[in-house]
Amino acid sequence: MSTNSFPEEKYLARRVRSMQESQTMKITGLAKQMKAAGKDIISLSAGEPDFPTPDFVAQAGIDAIKAGFTRYTANAGIPELRKAVVEKFKRDNGIEFTPDQIIISNGGKQTLANALLALCEEGNEVVIPAPFWVSFPEMVRLSGAEPVIVPTTLETGYKMRPEQLEAAITEKTKVLILNSPSNPTGAVYSESEIRALMTVLENREIFVISDEMYDQIVYGLAKPFSPARIPEIRDRVIVSNGVSKTYSMTGWRIGFLAGPKWVIDACGKIQSQTTSNANSIAQMAAVAALTGNQQIIEERRAEFEKRRDFMYKALNEIPGITAALPDGAFYIFPSIAGLLGKTFGGKVMNSSTDAAEYLLVDHYVATVPGEAFGAPENLRLSYAASIGELEEAVGRIRRAFE
């Protein structure tokens with residue numbers, strides 16, 4: 001039977017038809033295909049550190065396998081890991097949780113999806129500042145709710161102001177999603193900025209999902225501040241984090257969610273009927289990561305800072321490109337507004353998608369177009385690559401847009 005007999009608009013659920021494929025995964029996959037075909041691709045598209053998982057963490061995973069720790073665990077995670085997460089939040093973020101306020105999931109994506117599925121339904125709205133991580137609005141649509149996008153600019157440091165939040169709120173608003181340090185901009189909200197935003201929500205029944213995945217990758221005087229530290233709104237704040245970025249454990253797929261027990265229990269109910277527990281071996285490795293020697297975090301953060309400084313200077317020297325200095329994460333999000341509408345290599349740059357495709361196909365540099373992040377005049381570049389690779393990549397970008 002012809003596949004045309006089943007048109008997707010007739011048979012696929014609306015929640016799926018309303019979603020977009022992850023552009024970061026799509027571009028990264030294409031770059032890997034081109035590299036496998038022998039092309040000299042430099043990938044600045046992947047959202048993962050280039051450092052290996054620390055040896056002592058990997059060894060914990062090996063030891064778990066050898067010990068036969070390969071069976072189901074408690075749905076919410078092993079007690080040792082939930083306790084380690086509690087200590088992490090206390091040590092690094094100044095937040096007090098109890099183990100029953102923690103759930104371990106299959107990466108940060110699942111923690112966020114669980115929280116949105118638990119809180120949102122048809123008729124709800126979720127406020128998301130842009131530029132945003134590509135999955136935020138798609139997860140909101142999957143939950144049945146509608147994303148309400150609040151644009152920010154280079155001039156405001158890509159941060160939402162309290163008056164913008166106030167203007168975005170309606171009687172349908174259920175959740176605000178915050179991401180600091182930010183993917184894709186690297187912006188970090190200060191304590192005073194977070195407090196100002198939370199003041200807008202104080203007397204409203206609106207929840208905050210705070211994605212703090214990059215909390216340990218910050219530079220200079222920047223210090224992330226979690227809204228969960230504010231007593232007046234604490235009972236409506238859900239915090240998402242994980243080991244992927246801090247400990248170079250993206251493939252291990254361990255994320256964790258913390259918040260009011262009734263929300264965490266609801267997320268556990270959802271998880272029990274979808275994936276059940278996170279990988280048992282990876283959970284033991286995550287215990288080692290969170291409780292082991294944390295000096296490796298500073299060593300790698302310092303290396304990221306050197307790369308950040310290089311990228312900031314080098315990109316701003318290319319005519320038509322303007323980049324803000326990121327305060328955290330390992331991305332830089334330059335504006336290419338000065339290049340749009342112009343022709344390079346016989347191709348007109350009508351959008352950042354055109355620019356990203358041109359850089360990949362003609363100059364073998366993989367980036368991610370800003371359209372995916374709600375910022376059509378930008379490109380996202382990851383500097384989770386060696387200085388040598390970054391130097392070559394920027395050289396190619398400069399030649400591409402000469």
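A few notes on this one:
- Here the sum of -39500 (n - 2.57) over DSSP H runs of 4 or more residues, divided by the residues of the chain, equals -11500 deg cm²/dmol at 222 nm, to the nearest 500.
- Label separation (Lys26 vs Lys261): 4.4 nm, computed from points 7 Å beyond Cα along the C-beta direction.
- Principal semi-axes in Å for the stretch 149-281 [√(5λ), Cα gyration tensor, largest first]: 26, 21, 13
- At R0 = 35 Å, FRET efficiency that the Cβ-Cβ distance of Lys35 and Glu298 yields, to 0.05: 0.65
- Label-to-label distance, nm, for residues given as Ser192 and Ile169 (7 Å Cα→Cβ offset): 2.2
- When Rg and the Kirkwood radius Rh are both evaluated on Cα atoms of the chain, their ratio Rg/Rh stands at 0.96.
- Most to least packed among 289-300, 226-237, 97-108, 175-186 [average Cβ atoms within 10 Å]: 175-186, 97-108, 226-237, 289-300
- Around the amide H of Val150, modelled in the peptide plane, lie the amide H atoms of Ile128, Ala130, all under 5 Å away and 5 or more residues distant in sequence or on another chain.
- Helix 191-201 vs. the chain, principal-axis angle (Cα, 0 to 90°, nearest 10): 70
- Estimated inter-spin distance, Lys342 and Phe6, nm [label 7 Å along Cα→Cβ]: 4.9
- Using all pairs of distinct alpha-carbon atoms, the Kirkwood hydrodynamic radius of the stretch 223-326 works out to 17.1 angstrom.
- Annotation: amide H of Glu125 within the under-5 Å range of Glu146, Thr173, Lys174, Val175, sequence separation 5 or more or interchain, hydrogens built in the peptide plane.
- Diffusion coefficient (Stokes-Einstein, Kirkwood radius over C-alpha pairs, 37 °C, 0.692 mPa s) for the stretch 55-291: 182 µm²/s, rounded to a whole number.
- Structure note, pairs Lys159/Lys245; Lys32/Lys347; Lys32/Lys66: Cα-Cα distances above 28 angstrom occur for Lys32/Lys66.
- Taking the chain as a Gaussian network of alpha-carbon nodes connected by springs under 10 Å, the highest mean-square fluctuation of the residues Glu303, Glu155, Glu357 belongs to Glu155.
- Summary value for the chain: 22 percent relative contact order, contacts being C-alpha pairs under 8 angstrom separated by 6+ residues.
Here, each number is a calculation from the coordinates, and none is a lab measurement. Since we're looking at a predicted model, the values are computed, not measured. Positions of Cβ are generated from backbone atoms using ideal geometry, with glycine treated the same way; all protein chains shown enter the neighbour counts.
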